[in-house]
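Worksheet: the structure to be examined is printed underneath.
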Amino acid sequence: MAHANGKGSILVVDDAATTIEVIERNLVSAGYGVITAMSATEAMDILEARAVDLVVTDLKMPGPSGMELVKYVRQTFPDTEAMMITGYATVEGAVEAVKTGAEEYLAKPFTDGELISAVERTFEKLRVRRAAHSEDAAPIRTPMGFIGDSAAMERVYRAIAKAAVTRATVLISGESGTGKELVARAIHYTGPRSGSPFVAVNCGGIPEALLESELFGHVKGAFTGASETRAGFFQTADGGTIFLDEVSEMTLGMQVKLLRVLQEEEVRMVGSSRTRKVDVRVLAATNKSLPALVVKGLFRDDLFYRLNVIAIDVPPLRDRGDDVLAMINHFARKYAGESDRPVPTFTGEALRVLRGYHWPGNARELQNMIHRMVVMCDGSTIDVRDLPALMHFVPPREKRLDRTLVEVEVEHIRNVLDSVGGNKTQAAEILGIDRKTLREKLKPLKPAP
């Protein structure tokens with residue numbers, strides 16, 4: 001809940017007026033709306049009367065303690081976060097505070113910067129949790145079922161709208177699993193050809209010897225086994241759209257034949273001397289760089305220019321920000337409904353890991369993973385331990401370019417070991433090496449300070 005004059009509402013609870021004054025001044029300067037209370041009891045009354053995003057509470061106060069207040073907030077107000085501050089900092093106290101429900105634990109004395117950083121981290125966790133579990137704010141979708149409203153996808157939506165009203169060829173690029181066929185279908189079904197056929201062809205999934213026949217058809221007796229005349233995909237798509245997925249897998253010979261179809265708008269069936277006019281809009285997709293293949297002589301530059309009249313680049317999931325959270329919410333509800341199971345709740349830490357994961361399989365990988373977790377998890381809450389082992393350690397995204405390769409490797413090995421409690425078998429599995437190699441790499445490492 002954004003505050004009317006700031007970034008969010010914070011209830012500050014401390015029995016020391018000077019502490020409240022300092023914290024309030026810093027938070028207001030940072031743009032937050034602040035309410036104050038000098039006891040846990042007063043804070044509870046305030047929470048009953050109005051909605052608050054974050055409670056920042058001292059640990060030791062007369063009457064109910066800050067720990068009791070945090071527990072009360074967590075049990076009664078699930079949409080409010082809590083943060084603990086104390087002048088009696090201990091490891092045991094920090095652990096107990098976190099277990100009770102505090103998102104941050106800040107020891108006095110702390111700097112203004114440490115306070116603001118802790119508050120900002122807590123608000124980020126709250127934002128992530130709300131985005132993933134929101135039922136009121138339905139994710140923005142195109143008619144073809146896209147989910148998400150990130151800036152990267154808004155560019156795709158605008159490109160689809162422009163491409164739909166023309167008949168120009170479109171080249172759709174992007175990693176595997178990003179939804180290139182969804183883009184092609186959206187272009188077709190939101191354009192003037194929506195009532196005509198949409199034919200999708202996986203060029204990489206058809207043997208080279210059969211691709212020409214599949215695309216352009218063949219006449220009876222054209223080759224061994226051609227017992228009858230059969231139309232190809234281009235004839236089937238006449239009046240509509242053909243989608244050539246993995247077009248980069250075509251041989252140079254097939255590329256020449258496709259180029260001729262694009263130029264002449266006619267096809268010749270295998271075994272026939274006659275051509276036939278076709279009215280087909282061509283959409284093509286690739287997960288490889290066609291310009292790079294042109295340089296290597298593996299893709300014809302004239303065909304590339306013919307296909308690349310309109311270019312749409314579908315972003316990978318790792319570049320789509322909170323779209324990941326919206327998709328988690330959507331798929332969890334979808335598969336819970338299909339399996340007649342309750343919709344699971346994801347913990348804040350699980351959501352952080354899922355949002356920060358690099359998703360090499362993109363949306364397809366995310367969809368399959370959520371489906372598996374909904375079906376396989378025993379409880380109604382999904383935590384980090386329920387995620388695949390390779391996700392238990394997500395490296396930070398910040399990049400430091402002043403370290404040697406050895407330093408980077410050492411830090412990564414230590415982080416992975418820490419993430420699995422020192423279990424070398426699990427660490428070796430995550431690192432993609434065997435235990436013997438891991439032991440060799442550990443020999444020169446000194447214990448981390």
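Normalise the Debye intensity by I(0) for the chain, one equal point scatterer per Cα, no solvent, then take log10 at q = 0.07, 0.08, 0.10 Å⁻¹ and round to two decimals.
-0.54, -0.67, -0.91
Return the long-range amide H neighbours of Glu266 (sequence gap of 5 or more, or a different chain), with a cut-off of under 5 Å between placed amide H atoms.
Counting only residues 5 or more places away or on other chains, the set is Val278.
Residue by residue through segment 342-347, what is 3J(HN,Hα) from phi via Karplus (6.51 cos²θ - 1.76 cosθ + 1.60, θ = phi - 60°)? Round to whole Hz and write x for glycine and proline.
For segment 342-347, the Karplus curve yields x, 5, x, 9, 9, 5 Hz.
What list do you get for Cys377, Cys203 if you sort them by fewest beta carbons within 10 Å?
Cys377, Cys203
With charges set only on the Cβ (+1 for Lys and Arg, -1 for Asp and Glu), what does the dipole of the chain come to about its Cα centre, in debye to the nearest 20?
For this selection, approximately 1880 debye.
Rank these for me by crowding, His412, His371, going from fewest to most other beta carbons within 10 Å.
So the ranking, lowest neighbour count to highest, is His412, His371.
Using only the alpha-carbon atoms, how far is helix 91-100 inclined from the longest principal axis of the chain? Give it as 0 to 90 degrees, nearest 10.
Once rounded, one gets 60 degrees.
In the chain, with Lys and Arg counted as +1 and Asp and Glu as -1 at Cβ, which of these residues, Val156, Met83, Phe123, has the Cα nearest the positive end of the dipole, that is, farthest along it?
Looking along the dipole axis, the top candidate is Val156.
If I fit a long axis through the Cα atoms of helix 323-339 and take the longest principal axis of the Cα atoms of the chain, what angle between them do I get, 0 to 90°, rounded to 10?
80 degrees
Answer rounded, prolate or oblate for segment 256-410, using the Cα gyration tensor with square roots of eigenvalues a ≥ b ≥ c: rounded when a/c is under 1.5, else prolate when a/b is larger than b/c, else oblate.
Oblate shape, in that a/c is at least 1.5 and b/c is the bigger or equal ratio.
With everything on Cα atoms, drop me the angle between helix 362-376 and the longest principal axis of the chain, reported from 0 to 90° to the nearest 10.
60 degrees
Run the numbers on segment 200-302 and let me know its relative contact order in percent, using alpha-carbon pairs under 8 Å that are six or more apart.
Contact order relative to length: 31 percent.
With point charges of +1 on the Cβ of Lys and Arg and -1 on the Cβ of Asp and Glu, referenced to the Cα centre of the chain, which listed residue (Ala49, Ser273, Gln426) lies farthest in the positive direction of the dipole?
Ser273
Please list 3J(HN,Hα) in residue order for segment 285-294, calculated via the Karplus relation 6.51 cos²θ - 1.76 cosθ + 1.60 where θ = phi - 60°; whole Hz, with x for glycine and proline.
Result, rounded to whole Hz: 9, 7, 9, 10, 7, 5, x, 5, 5, 4.
How long are the semi-axes of the equivalent ellipsoid of segment 318-391, defined as square roots of 5 times the Cα gyration tensor eigenvalues? Whole Å, largest first.
Taking √(5λ) for each Cα gyration eigenvalue gives 18, 13, 11 Å.
Using the Karplus curve 6.51 cos²θ - 1.76 cosθ + 1.60 with θ = phi - 60°, work out ³J(HN,Hα) for each residue of segment 303-310 in order, rounded to whole Hz, and write x for Gly and Pro.
Rounded to whole hertz, the list is 5, 4, 5, 5, 7, 8, 5, 10.
Got a sec? How would Arg300, Arg185 order by Cβ neighbour count within 10 Å, fewest to most?
Listed from fewest to most nearby Cβ atoms, that is Arg300, Arg185.
Taken together, the values in this text are just the output of simple stated rules run on the coordinates, not laboratory data. Keep in mind that this is a model prediction, so the values were computed, not measured. Note: ideal-geometry Cβ built from the backbone for every residue, glycine included; neighbour counts use all protein chains shown.
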